[in-house]
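The next block holds one structure in the form of structure tokens; read it before the comments.
Every number in this text was worked out from the coordinates using simple rules, so none of it is lab data. Bear in mind the structure is a predicted one, so any value in this text is a computation, not a measurement. Methodologically, a virtual Cβ is constructed for each residue, glycine included, from the backbone with ideal geometry; neighbour enumeration extends over all protein chains shown.
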Amino acid sequence: MSKLGISHGCTNLRNFACRCEFMNFSKNKSCLRCQGSRPKRELLPGEWECPSCDFMNFRKNATCYKCRCDRPKDNGKEYEDQIWNSPR
Ligand SMILES: [Zn+2]
Ligand SMILES: [Zn+2]
């Protein structure tokens, strides 16, 4: 793990760190430095990310809590992602 100078307490901003360790704003869809695609956020088991508004929804939500769009159907591969994103 690398120190990126993120201060705790600003998790609402949901900035993301690219593989190149450049810190991007949450609004960025790709890295400003290397143009790499945004890495998947680490979701808790069952959580899903709204494809249209980026809101993180709980498993119980069948539709996005924020924009009411349907939960994406590709939850099958989410299981593999969880293994890959095993907690530290
Ligand atoms: Zn990058
Ligand atoms: Zn949404």
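Given H placed 1.01 Å from N in the peptide plane, which residues other than close sequence neighbours of Cys69 have an amide H under 5 Å from its amide H?
Cys64
Can you work out the Karplus-derived ³J(HN,Hα) for every residue in the stretch 45-51? Use 6.51 cos²θ - 1.76 cosθ + 1.60 with θ = phi - 60°, whole Hz, and x for glycine or proline.
Those phi angles translate into x, x, 6, 9, 9, 5, x Hz.
Using the number of other C-beta atoms within 10 angstrom as an exposure proxy, rank Asp70, Asp54 with the fewest first.
By the 10 Å Cβ count, ascending, the order reads Asp70, Asp54.
For each of Phe25, Phe16, count neighbouring Cβ atoms within 10 Å of the residue's Cβ, then give the residues from fewest to most.
Ordered by Cβ neighbours within 10 Å, fewest first: Phe25, Phe16.
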